Amino acid sequence: MTPTLTSTRDYLAAQISDNGSIELRHQIGERWTTGWFDDLDRLVRQVDRLRDRGNLFTSLNGPKPRHVGNGMTGSPICNGDVAWVTRIPFDFDPCRPTGVSSTADELKAALGRRDALVAMLRKLDWPIPLHGLSGNGYHAVYRVRLPSNDETTEMFRSIYSGLAAEFADDEVDFDRSVKNPGRIFRLYGTRNRKGPDTPERPHRDSACWIPAPWRQVERRLVEDLANFYARRSTPAVTSSEPRQAGPRIGGKGDYTTLDVVAWLTAHGLYRHAVDSTTHSVWCPWRDGHSTPHGRTGAVVFVNPGRWPGFHCHHGSCAGRTIADVVASLGDADAYCTAAFQGGRSHV
Ligand SMILES: [Zn+2]
């Protein structure tokens, strides 16, 4: 692997090859113009005419058949225009004041987070992605070919929520809106002009590197990851008997009523809500992680009527479930609102 940067032309060639046609969008201040292209030469000439001013973006995914004018006339793509999802983009953007470019330190933090995600997905057999620099943050873009439908939308929702819980915090943001199929993305090789161009927060050129070959992610791997994060059921009871304790109830708690947020907050392990059912937490075993990455942690899922779920992606935590967290912290019973009645009511 030689990290030679991919030219804007080669990036656009891959976009046209996978999508048939693509939208080019140009922004100067409040003014946006849009055009559709399937002719690479005309597209590259158009980009060269526009690149000295403003910002350039392209669509990511494959549109339904539409008029392609090969000039800057046409309408912006929306989610309903997409027939095929051909890219899974991940975008790590440093948290900073709005409307300004990143500092070097902020960029470095985003790079670490992006690389940690790529490393994790490599362990799950995902191929090497496009590596991108937006100018202000870092990208990993995977090739895929999935119909743009409700099922794909749901898989992406699950994946982006799960990954945001693990990889985002108050230092680096993980953009969950890029899962929308009509999303546009920075055109690599063009300058990112965000806010004033200052020595501390300079305008930078975006760039990307595409691996050869740029393999598609198999559908089953996308499904596996989505199911993994969507999993709402928890594991059967393990041999570790939870300790009996608790001021709220006598005896053992019914863990389908465990207030996992209050419980983990009491142990200093709670971080923040990701969405209505997913929470970012610190892994109780984080000191044993062999490959820590920044300040990332683990995830718990709240499952009404069931045990909560727990997941930490670090190798040393493989196979650990909420039952292990219960055994480790010892006082989960105190945070249940009902006592365990016997049987296997949690499944
Ligand atoms: Zn862990």
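For Pro129, are the conditions met, namely being under 18 Å from Asn19 (Cβ atoms), not polar (S, T, N, Q) and not assigned by TED's automatic domain parsing to the domain that holds His313?
On the way: under 18 Å from Asn19 (Cβ atoms): yes; not polar (S, T, N, Q): yes; not assigned by TED's automatic domain parsing to the domain that holds His313: yes.
Considered against the rule, which asks whether it is under 18 Å from Asn19 (Cβ atoms), not polar (S, T, N, Q) and not assigned by TED's automatic domain parsing to the domain that holds His313, Pro129 comes out as yes.
What do you reckon, is Val47 in the same structural domain as Glu166 (by TED's automatic domain parsing), surrounded by fewer than 17 Cβ atoms within 10 Å (Cβ to Cβ) and closer than 24 Å to Gly137 by Cβ? Outline the logic, then answer.
Details: in the same structural domain as Glu166 (by TED's automatic domain parsing): yes; surrounded by fewer than 17 Cβ atoms within 10 Å (Cβ to Cβ): no; closer than 24 Å to Gly137 by Cβ: yes.
So Val47 does not fit the description; no.
Among the candidates His289, His313, His279, His272, which residue alone is closer than 22 Å to Glu171 by Cβ, at pLDDT 85 or above and touching a helix residue (DSSP H, G or I) at 6+ places or on another chain (Cβ under 7 Å)? I'd like the intermediate steps shown before the answer.
Values: His289 fails: at pLDDT 85 or above; His313 fails: at pLDDT 85 or above; His272 fails: touching a helix residue (DSSP H, G or I) at 6+ places or on another chain (Cβ under 7 Å).
Result of the check over His289, His313, His279, His272: His279.
Could you check how many residues of the stretch 89-128 are among the charged types (D, E, K, R), in contact with a helix residue (DSSP H, G or I) (Cβ under 7 Å, 6 or more places away or on another chain) and at pLDDT 90 or above?
Selection size over the stretch 89-128: 4.
I want to confirm something. Restricting to the stretch 254-289 and keeping residues that are over 22 Å from the mean Cα position of the chain (by Cα) and aromatic (Phe, Trp, Tyr), which single residue is farthest from the ligand (Cβ to nearest atom)?
Tyr255
Looking at the stretch 239-246, can you tell me whether even one residue there is within 20 Å of Val302 (Cβ to Cβ), part of a loop (DSSP other than H, G, I, E, B) and either at pLDDT below 95 or in the same structural domain as Leu56 (by TED's automatic domain parsing) (or both)?
Taking the stretch 239-246 as the starting set, the residues that turn out to be within 20 Å of Val302 (Cβ to Cβ) are 242, 246.
Applying the additional criterion that residues be part of a loop (DSSP other than H, G, I, E, B) yields 242, 246.
Then drop every residue that is not either at pLDDT below 95 or in the same structural domain as Leu56 (by TED's automatic domain parsing) (or both), which leaves 242, 246.
Checking the stretch 239-246: at least one residue is within 20 Å of Val302 (Cβ to Cβ), part of a loop (DSSP other than H, G, I, E, B) and either at pLDDT below 95 or in the same structural domain as Leu56 (by TED's automatic domain parsing) (or both).
Looking at the structure I just gave you, is Asn70 of a type in the set (S, T, N, Q) and under 29 Å from Leu111 (Cα atoms)? Full working, then the answer.
Numbers: of a type in the set (S, T, N, Q): yes; under 29 Å from Leu111 (Cα atoms): no.
In short, no.
The values are calculated or read from the model by the stated rules, or taken from the named source; none is laboratory data. Computed from a prediction, not measured in an experiment: that's the story for all the values here. With ideal geometry, Cβ positions are generated from the backbone for all residues, glycine too; neighbour counts draw on all protein chains shown.
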